[in-house]
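Only one structure is covered here, and it is reproduced in the block below.
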Amino acid sequence: MGSVVPSNARGDALVSQLSLSPHPEGGFFVVTHANPTPSPSSAVPNRALSTSIYYLLTPRSPSGYFHLNTSTTYHSLHEGRARYTLIHAETAEVREHVMGPGEGETRMLVVDGRWWKRGELIEGEDMCLITEVVVPGFDWADHAFLTLPLLSRLFPGDRHKIKHYSQYLKPLSPEEEAQSHVDDPDQAERVLTAMVGRAKHEEDEAKAHEHRIEDAKERFAEDRTADRLLTVDDFVPRFRC
């Protein structure tokens, strides 16, 4: 007896109720909030402090493509179960996490920049609804899809992994292929290097901002000490008995 194919009913209902649209990464989404305050730690001018979306996987669109954001993304589970595969962009370390309510699963997944990631609906599930919060806010300038040249650089000579993960690469149109330079591994690597550089710059700026706050707190404490009220003991000399 074959496996039961999950119904699209609940997923289709959520797409309608939440006004979701197809996501370029796979699945469905809608932007729910964008903090208009400019991020102090971003190299991108006027970048939102944070953005959030609903993200939905259904049997109609059960899988996402490998992509990378240099911002940190916080994934919070509403309902359902999905498997996330992460590949570190520099070390090629592979991690897998299941978002779900069960033992050994997680309701929140935090993915820092420099990780390629994709989500996939767990077999037998009819939907998985997640909120994603990106800090600093999402910007296409800090987003990339994994390409075959970059995948080959991650796993040199490992045909099994390259073949396995290549099925989760986004199919590109001729225009997108021309823009992404998929036939030029050096160019693709330069694009990734630039993104990683921006992420490092934003991390350094955030740390510098924290240090400035700590310095300001210390100066304020010193000023409060210097401005304390004088007491009689400051004027009366102390004599030894």
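Taking amide H positions as placed 1.01 Å from N in the peptide plane, with prolines and chain starts having none, which residues 5 or more places from M127, or on another chain, fall under 5 Å of its amide H? So M127 has HN proximity to R81. Among the protein heavy atoms, those of H97 account for about 60 Å² of accessible surface (1.4 Å probe, every chain in place). Solvent-accessible area of K161, all protein chains in place: 70 Å² (probe radius 1.4 Å, heavy atoms, ligands and nucleic acids excluded).
Of the peptides 32-40, 57-65, how do they stack up when ordered by the mean number of other Cβ atoms within 10 Å, highest first?
57-65, 32-40
Compute the Cα gyration tensor for the stretch 71-175, then decide on rounded, prolate or oblate, letting a ≥ b ≥ c be the square roots of its eigenvalues: rounded whenever a/c is under 1.5, prolate when a/b is larger than b/c in the other cases, and oblate in all that remain. Prolate. The alpha-carbon of K217 sits under 28 angstrom from the alpha-carbons of these lysines, leaving out residues fewer than 8 places away in its chain: K200, K207.
The values are calculated or read from the model by the stated rules, or taken from the named source; none is laboratory data. Model, not experiment: these values are computed from the prediction. Every residue, glycine as well, gets a Cβ built from its backbone with ideal geometry; the counts of neighbours run over all protein chains shown. Just so you know, the surface numbers come from the protein's heavy atoms only, side chains and all, with ligands and any DNA or RNA stripped out. Shrake-Rupley method; radii C 1.70, N 1.55, O 1.52, S 1.80 Å.
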